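In what follows, a structure is listed as structure tokens, so that the remarks can point back to it.
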Amino acid sequence: MNRKVLPIIILIFCSLGVQAQKIYSVKYENQADVKVYVVKYENQCDLKVYKVKYENQAGKNDGKWYFVNYENQADKKIYFVDYENQADIKIFFVEYENQAGWRNKKLMPKMF
């Protein structure tokens, strides 16, 4: 019985850990999972985002985003709002990968 249960347990744990941040930017607000505002200064953000070059570099809700070309490839669809008070999450784009990460961890579930 242990041999039958073990693969199922492994599969469950592996599927829970797969939360790649593949992002698609939608054209209309009502299509988005999350509304995002880009702030001017790092200390104003909830999440520091680094745009990775390749899909396999995408993070697991750690601020490393890969922007996909098609909506059906995305884990999350975002819409960039014009005003800070419209946003679910405020982001700041960083220059280096090791700078990426959450400043306001209470908002992490919005990107799962």
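The values are calculated or read from the model by the stated rules, or taken from the named source; none is laboratory data. A quick note: this is a predicted structure, and the numbers were derived from the prediction, not measured. Don't worry about glycine lacking a Cβ; one is built from the backbone with ideal geometry, like all the others, and counts go over all protein chains shown.
Condition check ((1) of a type in the set (A, V, I, L, M, F, W, C); (2) modelled with pLDDT under 95; (3) touching a Pro at 6+ places or on another chain (Cβ under 8 Å)) across all residues:
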| position | (1), (2), (3) |
| --- | --- |
| Ile12 | yes, yes, no |
| Gly17 | no, yes, no |
| Asn69 | no, no, no |
| Val94 | yes, no, no |
| Gly101 | no, no, no |
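In region 50-60, is there at least one residue being basic (Lys, Arg), surrounded by 10 or more Cβ atoms within 10 Å (Cβ to Cβ), within 16 Å of Phe112 (Cβ to Cβ) and modelled with pLDDT of 95 or more? No, because not a single residue in region 50-60 is basic (Lys, Arg), surrounded by 10 or more Cβ atoms within 10 Å (Cβ to Cβ), within 16 Å of Phe112 (Cβ to Cβ) and modelled with pLDDT of 95 or more.
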